Structure formats: C-alpha cells, structure tokens
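Asks: Pasting a structure here, questions to come.
The values are calculated or read from the model by the stated rules, or taken from the named source; none is laboratory data. If you're wondering where the values come from, they're calculated on a predicted model, not measured in any experiment. All Cβ positions, even for glycine, are placed from backbone atoms using ideal geometry, and neighbour counts span all protein chains on display. Side chains are part of the model used for accessible areas, which takes the heavy atoms of the whole protein and leaves out ligands, DNA and RNA. Shrake-Rupley method; radii C 1.70, N 1.55, O 1.52, S 1.80 Å.
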Amino acid sequence: GIQVEQSPPDLILQEGANSTLRCNFSDSVNNLQWFHQNPWGQLINLFYIPSGTKQNGRLSATTVATERYSLLYISSSQTTDSGVYFCSVPRGAGSYQLTFGKGTKLSVIP
Amino acid sequence: ETGVTQSPTHLIKTRGQQVTLRCSSQSGHNTVSWYQQALGQGPQFIFQYYREEENGRGNFPPRFSGLQFPNYSSELNVNALELDDSALYLCASSLNSNEQFFGPGTRLTVL
C-alpha cells in the first residue's frame, strides 16, 4: 500500500515563529487532507488539497502531486497551534480509505 | 449543521468482554469510516460503510465488525477484547467518500 512520511517528527517553536511541515507519499493520489489533532484527540480538518495551494488565515498548504509531496505552512505561530499535525492520503487508486503519516508533534512555547 | 458525534467518550472494559461504540454522521453525509489510533501513532483504517454496506476493510480481524443504519449513523463492535485494543477510536463521515470529517473519538481502555 501507499506509504506516507512526515517530517520533522517533532518541532518546538517560539511563539510568533514560522514553520513548514512536510508530507511525502509513495504513489500518485487524487486527494490529500491535513489535520490538526488537539490535546483531547479531536482531528480538526485543515485542508483538503489534492493539488495546488490553499490558504486559511495563518495557515497555508501546497500539494505538488506530480512530485508526491505536500507542505503545510504555519506563520506567526500561537500556543494554540500546539498538537500533532497529520497528513493523509487514500490507501490506493480508487480508494476512499485514508492512510495517515505518523504526524508532526508541534509545541509552541510562549 | 451538526458535526460528527461519538459515544461514549471514555470506556473501560476487561479482556474478553465485548464493546459497542456509536457514531452519528454529519448532516447530509452518507459514508462512515472507523479508525483506530494507538498512542503515539497515526489513525489506522478499520472499515468503511456506504449506504449501509461495508465498502472496504483494513487489516483488522473479524472480531471487529460494524453496522450502518438507514439514517447513516454507525456502530463499531469489538468482541473478545484484548489488551492491544486499548486505543482512541475515531469515526469519520463524508459525502460519497470525499473529504472526511472526524468525531471527537472514544477512548477505550482494556484491562
């Protein structure tokens, strides 16, 4: 099945700093989702981005499907950005079942 | 618009027991997927239901089973619980299996 690798595994930022999280995947995909998991375990949808670039406030994402990677940018980080960020893609061609990476754990310190 | 809800929030069971977890899908969604998330790992796909039929299954044994009801809500049943079944169980709903939206999860502890 498809493999998803996220980097870095852990990231510590000072409040106000910017960061880039990366997601590499091993096969072509027709959709990709980024999630933020808060300390209570809830997965919050950030972006549904099979290709191109999207922005939502301080967050933006870019997926380059032909090169099999996606980037999540967080600008002017806040303590509430802390948590684990997951990238997910379909398990295989024609599949609607998500495969997740192991996540990037982000800690934003004041 | 009501989001995805799950019940119960937390559950403690002992080995060998059976458990049923419940999920109500987001309004307008017809597909429900279940995932298991062990501590420190990403969610793992268990199975998906589309219009009351199983629409794909991950690498989980048959003691993990499910149902989807006409109102698109769903249940996850686990028989003969094992210690390794301790995890966060997440339900996600979507319209025709596109962008998935997750519920808050049920944290299951097996003693």
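Asks: Please verify whether residue A:60 is touching a Lys or Arg at 6+ places or on another chain (Cβ under 7 Å) and touching a residue at least 12 places away in the same chain (Cβ under 8 Å), treating the condition exactly as stated. Quick ask: steps written out before the conclusion?
Replies: Numbers: touching a Lys or Arg at 6+ places or on another chain (Cβ under 7 Å): yes; touching a residue at least 12 places away in the same chain (Cβ under 8 Å): yes.
So residue A:60 fits the description; yes.
Asks: Now for a different question. Tell me yes or no: at least one residue of the range B:28-42 is of a type outside the set (A, V, I, L, M, F, W, C) and over 29 Å from residue A:49 (Cβ atoms).
Replies: no
Asks: What tally of residues in the range B:83-100 results from selecting those that are at pLDDT 95 or above and over 15 Å from residue B:46 (Cα atoms)?
Replies: Residues that pass the stated criteria total 1.
Asks: So, one more: Which pairs do you get when a residue that is within 19 Å of residue A:84 (Cβ to Cβ), found in the range B:20-46, comes within reach of a residue that is of a type outside the set (Phe, Trp, Tyr) and not in a strand (DSSP E or B), reach meaning Cβ atoms under 6 angstrom, with the pair 6+ apart or on two chains?
Replies: Listed pairs, sorted by first residue: B:35/B:43; B:37/B:43; B:42/A:101; B:42/A:102; B:42/A:103; B:45/A:97; B:45/B:58.
Asks: Checking residue A:60 against (1) within 11 Å of chain B (Cβ to nearest Cβ); (2) surrounded by 14 or more Cβ atoms within 10 Å (Cβ to Cβ), only one condition comes out false. Which one?
Replies: Going through the list (1) within 11 Å of chain B (Cβ to nearest Cβ); (2) surrounded by 14 or more Cβ atoms within 10 Å (Cβ to Cβ), residue A:60 breaks only (1).
Asks: Could you tell me which residue of the range B:64-82 is nearest to residue A:41 (Cα to Cα), considering only residues that are at pLDDT 95 or above and open to solvent by 50 Å² or more (accessible area, probe 1.4 Å)?
Replies: The selected residue is B:82.
Asks: Hey, another quick one. Of everything in the range B:38-54 that's outside any loop (DSSP other than H, G, I, E, B) and of a type in the set (D, E, K, R), which residue is most open to solvent (accessible area, probe 1.4 Å)?
Replies: For the range B:38-54, the residue satisfying everything is B:53.
Asks: I would also like to ask the following. Test of understanding: among B:107, B:22, which residue is within 27 Å of residue A:105 (Cα to Cα) and within 12 Å of the chain's Cα centre (by Cα)?
Replies: B:107
Asks: For the range B:92-106, what are the residues that are part of a strand (DSSP E or B) and either open to solvent by 10 Å² or more (accessible area, probe 1.4 Å) or within 14 Å of residue B:3 (Cα to Cα) (or both)? Show your work before the answer.
Replies: Keep residues of the range B:92-106 that are part of a strand (DSSP E or B), which gives B:92-94, B:101-102, B:106.
Of everything in the range B:92-106, those that are part of a strand (DSSP E or B) and either open to solvent by 10 Å² or more (accessible area, probe 1.4 Å) or within 14 Å of residue B:3 (Cα to Cα) (or both) turn out to be B:92, B:93, B:94, B:101, B:102.
Asks: Ok, one more. Could you go through the range A:19-31 and let me know if any residue there is at pLDDT 95 or above and within 12 Å of chain B (Cβ to nearest Cβ).
Replies: Checking the range A:19-31: at least one residue is at pLDDT 95 or above and within 12 Å of chain B (Cβ to nearest Cβ).
Asks: Output the number of residues of the range B:4-36 satisfying the condition of being outside any loop (DSSP other than H, G, I, E, B) and of a type outside the set (Val, Ile, Thr).
Replies: Filtering the range B:4-36 down to residues outside any loop (DSSP other than H, G, I, E, B) leaves B:5-7, B:10-13, B:19-24, B:31-36.
Those still in the list that are of a type outside the set (Val, Ile, Thr) too: B:6-7, B:10-11, B:13, B:21-24, B:33-36.
Residues meeting the conditions: 13.
Asks: Of everything in the range A:20-50, what is within 15 Å of residue A:105 (Cα to Cα) and open to solvent by less than 10 Å² (accessible area, probe 1.4 Å)? Give them in sequence order.
Replies: Matches in the range A:20-50: A:21, A:23, A:34, A:35, A:41, A:43.
Asks: Moving on to the next point. Restricting the search to the range A:64-110, which residues are more than 22 Å from residue A:39 (Cα to Cα) and away from chain B (no Cβ under 14 Å)?
Replies: A:64, A:65, A:66, A:67, A:68, A:69, A:70, A:71
One line per residue, one yes/no per condition, for (1) at the interface with chain A (Cβ under 10 Å from one of its Cβ atoms); (2) crowded, with 17+ Cβ neighbours inside 10 Å; (3) farther than 21 Å from residue A:33 by Cβ; (4) out of contact with any strand residue (DSSP E or B) (no Cβ under 6 Å at 6 or more places or on another chain):
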{"site": "B:31", "(1), (2), (3), (4)": "yes, yes, no, no"}
{"site": "B:36", "(1), (2), (3), (4)": "no, yes, no, no"}
{"site": "B:62", "(1), (2), (3), (4)": "no, no, yes, yes"}
{"site": "B:84", "(1), (2), (3), (4)": "no, no, yes, yes"}
{"site": "B:90", "(1), (2), (3), (4)": "yes, yes, no, no"}
{"site": "B:108", "(1), (2), (3), (4)": "no, yes, yes, no"}
